[in-house]
Amino acid sequence: MQKEKSIRGEIEKLGYRVVYVPHKLIEDYIACYKVRYKGKLVFPLAAEKLGIPLNEIWISEKYREFEEYIFYHELMEIKHRAKGYTSKHAHELAVEDTEEKYRGDPKYERLCREINVASKETMIKLLGIDEETFQKIQENRPYHTIDEILEKIPTIGEQLFRKIKEYFWCIN
């Protein structure tokens, strides 16, 4: 729990306000921010769409139990954005940073198997799928149930769907 306090403490020290919002409002992103970091205004386009006020980090209420990992990811993404990386590249770097820091942590590993969060690498490794199949899964997020995958991607196939149900879960 000390790690969580230090991450939360760093966020508060930077003057950012954490806001838990209804899942429905932010389900496409899970978390998002609009902050000033080292004099630079940093935010993804989603922050404008969501109407996030300056110096706030929003997180879905449903992901509260995973806040330590999500806050760390968001903070690393903010730092990468401030260095000039694009939103996409900063996000990818933050995923790597978070994986490196928390690899082996059972609670983090559980979060990594949530269907709306699971990375391409995790899904390819556990399911043996190709990038095209991962893209289909990712493009149809968010999912409210695991069964919704079959509804949204009928070509997924029963065998692959069984593997998805075995390895992944849905926060809803």
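The values are calculated or read from the model by the stated rules, or taken from the named source; none is laboratory data. Everything numeric in this text was worked out from a predicted model, so none of it was measured. All Cβ positions, glycine included, derive from the backbone under ideal geometry; neighbour counts span all protein chains shown.
For first residues located in region 37-51 and in the same structural domain as H91 (by TED's automatic domain parsing), partners that are part of a helix (DSSP H, G or I) and surrounded by fewer than 17 Cβ atoms within 10 Å (Cβ to Cβ) and lie 6+ apart or on another chain with Cβ distances below 6 Å form the pairs P44/S87.
Across region 110-145, the qualifying residues are those that are of a type in the set (A, V, I, L, M, F, W, C) and more than 25 Å from E68 (Cβ to Cβ), and the one among them that is surrounded by the fewest Cβ atoms within 10 Å (Cβ to Cβ) is I124. Against the definition (out of contact with any strand residue (DSSP E or B) (no Cβ under 6 Å at 6 or more places or on another chain) and among the basic types (K, R)), how does R110 come out, yes or no? So R110 fits the description; yes. The residues of region 156-172 that are within 20 Å of Q135 (Cβ to Cβ), part of a helix (DSSP H, G or I) and free of Cβ contacts under 8 Å to residues at least 12 places away in the same chain amount to a single one, Q159.
Screening T122 against (1) more than 19 Å from P142 (Cβ to Cβ); (2) without any contact (Cβ under 8 Å) to a residue 12 or more places away in the chain; (3) polar (S, T, N, Q) leaves a single unmet condition, (1). Scan region 68-88 and give yes if some residue there is at pLDDT below 95 and either touching a Cys at 6+ places or on another chain (Cβ under 6 Å) or within 19 Å of R141 (Cβ to Cβ) (or both), otherwise no. Yes: region 68-88 contains one or more residues that are at pLDDT below 95 and either touching a Cys at 6+ places or on another chain (Cβ under 6 Å) or within 19 Å of R141 (Cβ to Cβ) (or both).
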